[in-house]
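The values are calculated or read from the model by the stated rules, or taken from the named source; none is laboratory data. These numbers were taken from a predicted model, which means no experiment stands behind them. Glycine also receives a Cβ, built like all others from the backbone with ideal geometry; neighbour counts cover every protein chain displayed.
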Amino acid sequence: MRDSDEQDAVHQPSRASQRGLDWFTFFVANLQTGFGPFLSVYLTTQKWTQVDIGLILSIGSIAGLASQIPGGWVVDAAVSKRRAAMLAVIAIGISAVLIAVLPIFVMICAAKLLHVGGSSVLGPAIAAVTLGLVGHAAIGERLGRNARYAAAGNGLAAGVMGACGYFVSAQAVFYVTAVLAIPTLLAISRVREEEVYAVRADGGLCASDGAPVGALSIGRFLRKPDLLILTTCIMLFHVANAAMLPLVGSAMTMRSSQWATALVAACIVAPQLIIAMISPTMGRLAETWGRRPVLLLGFGVLPLRGALLAWTHDPYVIVAVQLLDGISGAVLGVLVPLVLSDISRGTGRFNFAQGVVGSATGIGAALSTIAAGYLADRYGMTTAFFGLATAAVVGFLVLLATMPETKPSPA
Amino acid sequence: MKVASRVCLITVVGILLLGNIGVAPGAAQTGAAAPLAVPAADPLARSVERDSRRLGRSHELESVLGREIRTRVEEDVGRIIDLLADRSGQVRAAVIEFGGFMGIGTRKIAVEWPALRFESEGKQPTVILEMTRDQLRTAPEYKPNEPAVVRKADE
């Protein structure tokens, strides 16, 4: 057990560790780009049938949902959060190699499961390393910085990998992904192990005196009202949000003949630029205004985006409307781990909590895809966007009515 | 097991295609007539051989699934991801995936099979879709579990 002097020393992480974490979040975002909807594009180039592709995607989403909570639990239990992150990156790297080299059913299935497992650990592990490194006092600002680098990584990777897939081959995207695992590992190795305080990384320090406390039982932790409210709100957010971009993409493909691909790319990359610009501000605002107003801003922008997308048919206006996605993206990216760090402080369940919210995100996204698909089929895209906007209004109202301020009051 | 079924499906697709580029409706009859002359030979192999001689350069059979297609004016507009056959086994339409970026916002549509031309001029055999980009983008989305609406080249 460490004494309080030692803890204070740990509060000031070295420049090397901070830079290491910057680049780590950047490269992790790079690493994840190819594994999204692009995988099914790749599998069609490998002469896969639609039935097999559908099966792989279903296996992936079910495993993804099931692995979120265990992934978070593993990170809480891990002695070294850094090593947990490294192993997750290695798993994802191996997955990319398997996908590129052996696109047969068994191997792709194994690769998919390896990727899902790795990702379920990697997400919480990044937040854990962050909290372990900087502590609760500085985490708002640091999460803003993480989100900035992640968004830069997302935006850049979408552009580079899109070009790679178009000009070289779909397979090349996965080779590039596998190679990117190397700088990712180098970046995390720059974060000094001794500066990542494992007990603090689980939210295991008592809020009042900073002494380590035993982990709260999972049953009791799950009954925390703040956690339940946040989880519900996040699920509603994703019910409204998840299908919006794919729907925008297919609207673009349908409405614009010549520039469709470039416009869809702009709809993906533009919000990332906004996130990279404003995330640190969101982190700072959350520390001065409190969490609630910033969360309300992020949730409030979503119904507006849905309604505007329902209203406009002009592709260039749509790209502009997509910039709003950058605002809610920045808010969610910074505030969700931040509020979870507030809620789980003194429970030792920070990463488990991220798994809970991760599952809610997955369930919300699945519902969103089903609902939007049904509405678009039956009543057209305008109705689908209005439907999503309605879900966003519900999310906003639930947040407004029930979510308490979680920022600890100054002692 | 899954792999085996996929290989099997590709083979079926290959055979269907063969039936179509060759003397499609008559293929079965020619095959049936052949054994009278040379009873030991495999009727299918013989009909393939005869078709190859007649069709010259286009005799090489190629897989269709995953092939890139282009229009008369644009390259790489999409990819063949499935074939639709009627009850008699005749291929009627190809399902094409196109558009979007990194797999987001792609559309799947069914186009009539005769609208695809397999050209073997030059080194790289290409598949040309005799439609404009506008015909493609306005076609109704193909849904696997619903009756397919097939876009024709002249509509």
Among the numbered criteria (1) surrounded by fewer than 19 Cβ atoms within 10 Å (Cβ to Cβ); (2) facing chain B (nearest Cβ under 9 Å), which single criterion is violated by A:Val101? (2)
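Would you mind stating whether A:Leu302 is closer than 26 Å to A:Gly380 by Cα, within 18 Å of the chain's Cα centre (by Cα), at pLDDT 95 or above and surrounded by fewer than 22 Cβ atoms within 10 Å (Cβ to Cβ)?
So A:Leu302 does not fit the description; no.
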Only residues that are at pLDDT 95 or above and either under 16 Å from A:Ala384 (Cα atoms) or touching a Gly at 6+ places or on another chain (Cβ under 6 Å) (or both): list them for segment A:311-338, please. A:Ser328, A:Val331, A:Leu332, A:Val334, A:Leu338
Set A:Ala91, A:Ala138: member being of a type in the set (A, V, I, L, M, F, W, C), over 16 Å from the mean Cα position of the chain (by Cα), in the same structural domain as A:Trp73 (by TED's automatic domain parsing) and under 21 Å from A:Val331 (Cβ atoms): A:Ala138
Test B:Lys143 against the stated conditions and say whether it is without any contact (Cβ under 8 Å) to a residue 60 or more places away in the chain, of a type in the set (D, E, K, R), within 13 Å of another protein chain (Cβ to nearest Cβ) and not in a loop (DSSP other than H, G, I, E, B). no
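Just for segment A:169-206: of the residues that are out of contact with any strand residue (DSSP E or B) (no Cβ under 7 Å at 6 or more places or on another chain) and in a loop (DSSP other than H, G, I, E, B), which one is farthest from A:Gly348 (Cα to Cα)?
It comes out as A:Ser169.
Could you tell me which residue of segment A:106-141 is farthest from A:Ala181 (Cα to Cα), considering only residues that are touching a His at 6+ places or on another chain (Cβ under 8 Å) and surrounded by fewer than 24 Cβ atoms within 10 Å (Cβ to Cβ)?
Among those that are touching a His at 6+ places or on another chain (Cβ under 8 Å) and surrounded by fewer than 24 Cβ atoms within 10 Å (Cβ to Cβ), it is A:Ala137.
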Against the condition at pLDDT below 95, surrounded by 15 or more Cβ atoms within 10 Å (Cβ to Cβ) and among the aliphatic types (A, V, I, L, M), how does A:Val28 come out, does it pass? no
By my count, helices (runs of 4 or more DSSP H) wholly in segment A:241-351 with at least 1 residues that are within 14 Å of chain B (Cβ to nearest Cβ) and in contact with a Lys or Arg (Cβ under 9 Å, 6 or more places away or on another chain) are A:244-255, A:260-288, A:315-343
Would you mind telling me which numbered condition in (1) within 11 Å of chain B (Cβ to nearest Cβ); (2) more than 25 Å from B:Gly105 (Cα to Cα) A:Ile53 fails? (2)
Result of the Cβ filter at 8 Å on segment A:196-210, keeping first residues that are on the phi > 0 side of the Ramachandran plot and partners that are of a type in the set (Val, Ile, Thr), at least 6 apart or interchain, is A:Gly203/A:Thr347
If you go through segment B:107-119 one residue at a time, do you hit one that is more than 8 Å from chain A (Cβ to nearest Cβ) and modelled with pLDDT under 85? yes
